[in-house]
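Scroll down for the structure; my scribbles are underneath it.
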Amino acid sequence: MSRPAPIGCRRRKRLQTRVTARGVTDTWREHIEPAGAGLHRIKKHGAMRVDAMLIADDKHLSNQSDQSPGQLANTASLPGIVGNAWAMADFHFGYGFPIGGVVATDIEQGGVISPGGVGFDINCGVRLCALDLEQKDIPDMKKFGRRLKGRIPAGPSGKGGVDLSDTGMEAILSEGAKAAVELGLGHHEDLAAMESHGLLEGDERGLSEQAVKRGMRALGTLGSGNHFLELQVVDTILDEEAARAFGLREGQVTAMIHTGSRGLGHQVCSDHVSALEQRYKKTSQGWYAEEWDITLPDRQLASAPFHSKEGQDYFEAMQAAGNYAFANRSALTQRLRDTLRAHLGTDGELEVIYDVCHNIAKIEQHVVHGSSCTCCVHRKGATRALGGDHEELASKFNGIGQPVLVPGDMGTASYVLAGPVTGSNQAFSSSCHGAGRQLSRTQARNSIDGLALQEELREKGIAVYANTPNVLSEEAPDAYKDVDEVIRLTTEAGLARPVARLRPFCVIKG
């Protein structure tokens, strides 16, 4: 049996199309080619309206075992798509869109919005806080770790969350982090250090009763899976000027919070995915929505024109869920401050460096092929990387770029990057959002001993507090790509530049 040609090489013989997952084929292998440092291009073919770009080199692609490149090629068929479809360096298989996918549609030219392009955990994101402490300044770390575990609710339920009134819930959904601050769950100065200042203009009336119910008692909880609160130390400074602007120094303790909109956001996505998918019927050409005359290769890409009633209903509900996520990270930050005060008598002068969204669709202005576009930019497992002259950023980031927060895995490191000094990068001002999975959760559970891993990490000076061994197995370092490689590829592709490397020493998991 002959060995297949390496990825990136042109084939002399056309391969037979093979369906490798629901609605996903491997024909992309016939059309991929290197496109520069850290880049590969899947050339437009079949139903694709534009090319697709992957942040990957030959080595990265040779280790790719899932069908996420085929998913990326599928996203390039969305009506109104502009530029290229993008997959960040941490890309892997997701629902409809690959995780790590970035797709922009022109909403004034029939562009669509797709819930699958945002994901089920709406505004899953990361907040980085800096403390005026070094690791030696925290006495009795075992006691402090137990205190954090006791005061930072984690796990799939919303047990231990803030008990909101109907009025408080309405305020959170409408006003995001600002409402949390007014409820005593955050500081006003934190708002300037948040993407969109912690507020997405949304209408909570688009949420189902079940979605609201799932959010009523979950505010201020981490959730499970890859969500965490992690204490870290700044291990290495890689860009002195940017680090000073961000307020980071070597040896400093930081706190990273990774969570989103909890069950509320999941229910919002479920409600709208279900309603939209019902409008698509299987045909010989793919999945067809007669009302909008849209054909898609995969039902999981189910979309509606942005300005349609269905498109607006989803967008408004997504915005409200995004506000809940901003408020959730604010509430968790306040609980961290309270825990620090209980242990140290001070909150360590905790300051929010930045707070970014990972799963969101934003209406943004971009220049595509020389023309201005009002774009709906879907970022699913990707973060914005704005230039230092962007009007949304605080003045301290002028000439530096937006802080880009990239959690790695609990056994190695996370990174802080910076967006361009000025202007925008070629991927709609986007960057990677993490290390990216290389093992599915099932594969990780079957191959990694969670309790043995916990002991191994303890010996490395990393205390991990988790509810079950399964969580440790699923989130083990070996389940993720090498974060250093992901950062290298992101840098080579010119999307963002590294500022600091952060090493974990205390981790709270669901």
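The values are calculated or read from the model by the stated rules, or taken from the named source; none is laboratory data. For clarity, every value in this text was computed on a predicted model and none was experimentally measured. Quick reminder, even Gly has a Cβ in these numbers, built from the backbone with ideal geometry, and neighbours come from all protein chains shown.
Of all residues in the stretch 441-466, count the ones that are outside any helix (DSSP H, G or I), farther than 12 Å from residue 480 by Cβ and not charged (D, E, K, R).
6
Does residue 61 satisfy the condition of being over 19 Å from the mean Cα position of the chain (by Cα), modelled with pLDDT of 95 or more and farther than 22 Å from residue 294 by Cα?
Criteria not met by residue 61.
What about residue 185, is it crowded, with 20+ Cβ neighbours inside 10 Å, part of a helix (DSSP H, G or I), modelled with pLDDT of 95 or more and touching a helix residue (DSSP H, G or I) at 6+ places or on another chain (Cβ under 8 Å)? Break it down into steps so the answer makes sense when it comes.
On the way: crowded, with 20+ Cβ neighbours inside 10 Å: yes; part of a helix (DSSP H, G or I): no; modelled with pLDDT of 95 or more: yes; touching a helix residue (DSSP H, G or I) at 6+ places or on another chain (Cβ under 8 Å): yes.
Taking the combined requirement at face value, the residue does not satisfy it.
I need the full set of residues from the stretch 208-222 which are in a loop (DSSP other than H, G, I, E, B) and over 22 Å from the mean Cα position of the chain (by Cα), in order please.
Within the stretch 208-222, 208, 216, 217 meet the criteria.
Residues that are over 20 Å from the mean Cα position of the chain (by Cα) and acidic (Asp, Glu), at least 1 per element: which strands (runs of 3 or more DSSP E) completely within the stretch 223-321 meet that?
Ranges flagged: 228-237.
Taking the condition of being over 16 Å from residue 231 (Cβ atoms) and in contact with a strand residue (DSSP E or B) (Cβ under 8 Å, 6 or more places away or on another chain), how many residues in the stretch 454-473 meet it?
Selection size over the stretch 454-473: 4.
Tell me, please, whether a residue that is out of contact with any Pro (no Cβ under 6 Å at 6 or more places or on another chain), of a type in the set (Val, Ile, Thr), over 30 Å from residue 454 (Cβ atoms) and not in a loop (DSSP other than H, G, I, E, B) can be found in the stretch 378-387.
no
Here is a list: 76, 85. Which entry is touching a Lys or Arg at 6+ places or on another chain (Cβ under 7 Å), more than 23 Å from residue 442 (Cβ to Cβ) and either small (Gly, Ala, Ser) or modelled with pLDDT under 95 (or both)?
76
Under the condition of being more than 18 Å from residue 321 (Cβ to Cβ) and within 23 Å of the chain's Cα centre (by Cα), which residue from the stretch 149-182 is surrounded by the most Cβ atoms within 10 Å (Cβ to Cβ)?
In the first step, residues of the stretch 149-182 are kept if they are more than 18 Å from residue 321 (Cβ to Cβ); the result is 149-155, 157, 159-160, 163, 165, 167, 181-182.
Subsequent filtering for residues that are within 23 Å of the chain's Cα centre (by Cα) retains 152-155, 157.
On the way: 152: 21, 153: 21, 154: 24, 155: 18, 157: 16.
The qualifying residue surrounded by the most Cβ atoms within 10 Å (Cβ to Cβ) is 154.
Can you confirm whether the stretch 224-244 contains a residue that is on the phi > 0 side of the Ramachandran plot and either at pLDDT 95 or above or of a type in the set (Phe, Trp, Tyr) (or both)?
No, every residue in the stretch 224-244 fails to be on the phi > 0 side of the Ramachandran plot and either at pLDDT 95 or above or of a type in the set (Phe, Trp, Tyr) (or both).
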